[in-house]
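Working notes, beginning with the structure itself.
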Amino acid sequence: MSVEGTWNLSVSTPIGRIEAVIELREQDGLLAGVARGAGEEVPLVEVALDGDRLTWKQAVTKPVRLNLAFDVTVDGDTLRGTSRAGRLPSSKVVGERRTEPEHRARARPGRTR
């Protein structure tokens, strides 16, 4: 199963819903990625896929400084699971992989990122 691609995530936290985007790529046989949201971009670490279970960790500074651990189940182009920050209660995570035509449609012609 491939989990490569760009994923739109929604995390339901005690302080409200947080929207983020993660990009997962395979590099030299290992999964790697970045997360973007709340005005920052952070690397994903310890990214692992075991069957349909995908896990990773990331550190964020906005809205507060937290070390997050994600544990989700992937089903085709959707994922569901949890995110946990230390001793805080786990937060529900849902996500959907962007399709290539949708991704291209969002890019503006003549502009580079």
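The values are calculated or read from the model by the stated rules, or taken from the named source; none is laboratory data. Please read these numbers as outputs of a predicted model, since none were measured by experiment. No Cβ is skipped: glycine too gets one built from the backbone with ideal geometry, and neighbour counts run over all protein chains shown. Accessible surface is based on the protein model in full, side chains and every heavy atom, while ligands, DNA and RNA are left aside. Shrake-Rupley method; radii C 1.70, N 1.55, O 1.52, S 1.80 Å.
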(request) Using the Cα centre as the reference, give the magnitude of the dipole from point charges on the C-beta atoms of region 3-74 (Lys, Arg: +1; Asp, Glu: -1; all else neutral), rounded to the nearest 20 debye. (result) 380
(message) Probe radius 1.4 Å, ligands and nucleic acids ignored: give me the carbon and sulfur share of the accessible area of the chain as a rounded percent.
(response) 50
(request) Give the distance, in whole Å, between the Cα centre of region 11-27 and the Cα centre of region 54-100. (result) 6
(request) Given the options L79, L24, L66, state which has the largest fluctuation in a GNM of the chain using a 10 Å cut-off (strictly under) for Cα springs. (result) L66
(request) Starting from the eigenvalues of the Cα gyration tensor, five times each then square-rooted, give me the equivalent ellipsoid semi-axes of region 2-61, largest first, whole Å. (result) 21, 13, 10
(message) Check which residues have an amide H placed less than 5 Å from V34's amide H, if you skip close sequence neighbours.
(response) E23, L44
(message) Net charge around R84, counting only other residues with Cβ within less than 13 Å of its Cβ (Lys, Arg = +1; Asp, Glu = -1)?
(response) +2
(request) Quick one: pull the percentage of alpha-carbon pairs in the chain with a separation above 20 Å. (result) 39
(message) Give me the net charge for the shell around T73: Cβ to Cβ below 14 angstrom, other residues only, Lys and Arg +1, Asp and Glu -1.
(response) -2
(request) With springs connecting C-alpha atoms under 10 Å apart, model the chain as a Gaussian network and identify which of T78, T13, T99 has the largest mean-square fluctuation. (result) T99
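Relative contact order of the chain, please, whole-number percent, based on alpha carbon pairs below 8 angstrom and at least 6 residues apart.
Working: 222 pairs, mean separation 23.4, N = 113.
This gives 21 percent for the chain.
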(message) I want the local charge near N8. Using Cβ-Cβ distances under 9 Å, sum +1 for each Lys or Arg and -1 for each Asp or Glu among the other residues.
(response) 0
